Each structure stands twice: as structure tokens, then as C-alpha cells.
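Each remark here refers to the structure printed beneath this line.
The numbers here are math on the coordinates, done by the rules we state, and not lab data. What you see is a predicted model; the values in this text were computed from it and never measured. All Cβ positions, even for glycine, are placed from backbone atoms using ideal geometry, and neighbour counts span all protein chains on display.
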Amino acid sequence: MKRTFSVIAVLFILGTSAGLFSSCGDSDTPTPETDAREKFLGKWTVDESCVRLNYEVEITADSTTDTKVWLDNFAFSGPDSTPAYGLVNGDQIDLPEQTIGDNWTINGIGTLQPTGDIKWNYHIEIGATASNCEADYFR
């Protein structure tokens with residue numbers, strides 16, 4: 001009887017300890033990171049200094065990379081023009097020098113603001129005319 005009680009006590013202790021150790025392992029499992037581009041995606045209303053118009057830009061994720069986004073109608077280039085692309089780095093979208101619209105050359109940076117809006121500073125060359133522009137994207 002004494003031996004049966006000892007075996008049951010040892011099994012109970014082992015079973016309880018195994019549960020404790022296995023539950024610790026679960027907390028070490030890394031949680032999947034969210035897509036850094038998510039906060040930029042969607043349709044944005046634009047208030048821009050150069051064309052002084054309000055228009056809409058849609059930002060979509062490129063399916064082949066983790067950082068690239070497409071900006072349809074950037075700088076009011078038109079819905080059927082080649083979209084601009086940017087690379088997301090934290091709270092910024094970097095626009096490397098590229099050609100969009102009707103041979104427009106652009107480059108710049110967009111920074112996510114605490115309000116959730118994006119503040120853009122970019123350079124655009126259309127033919128012989130070059131401008132430094134600012135734009136606010138808001139939802």
C-alpha cells in the first residue's frame with residue numbers, strides 16, 4: 001500500500017511538472033510580425049502644393065516583395081499612367097528616382113504622421129520644369 005501511494009505521488013508530481021514546463025515553451029514562440037506596409041495601404045485624398053488640386057491616390061502592396069508599394073495616380077499623373085513605386089522603411093515610404101506619367105521624373109519621401117496622415121516631400125521634373133512639392137495624404 002505504501003509503495004502504491006509513493007508511485008502515485010511520483011506520477012502526480014511528474015505530470016504536474018511536465019505541464020508547467022510545456023506551458024513555458026509556448027511563451028517562447030515568436031509571434032508573426034505584421035506587414036509594415038499595412039498602415040499605408042488604401043485610398044488617400046491628396047492636398048498638394050504644386051497642382052493645388054485635391055485628387056485621390058491608391059497605395060497597394062507589391063506581391064513579390066516585403067517592402068515595395070505601388071502608388072497609383074501619384075502627383076496627379078492619371079489613372080492610366082505607370083504607377084510610382086516606393087519602398088517602405090518603418091514609418092516612411094522612399095520614392096527612388098523613377099519615371100511616371102508622361103515621362104515625369106520623380107523622387108522623394110513620405111512620412112507617416114502621428115495623426116495617421118502621410119506628409120510627402122518630393123521633386124518632380126516635367127520636361128524642362130522642375131518643382132519641389134509637398135502633399136498631405138489623408139483618409
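Taking the convex hull of the alpha carbon positions in the stretch 39-138 and averaging its projected area over all directions gives 5.8 nm². Summing +1 for each Lys or Arg and -1 for each Asp or Glu among the other residues whose beta-carbon sits under 11 angstrom from that of residue 37 gives -2. By the rule of a C-alpha distance below 13 Å, with chain neighbours fewer than 8 residues away ignored, the aspartates and glutamates paired with residue 119 are 47, 48, 91, 94, 134, 136. Ordering 46, 57 from the fewest to the most neighbouring beta carbons within 10 Å gives 46, 57. Summing Lys and Arg as +1 and Asp and Glu as -1 over all other residues whose Cβ lies under 14 Å from the Cβ of residue 113 gives a net charge of -2.
Below 11 angstrom from the Cβ of residue 66, what's the summed charge of the other residues (Lys, Arg +1; Asp, Glu -1)? Value of the local net charge: -1.
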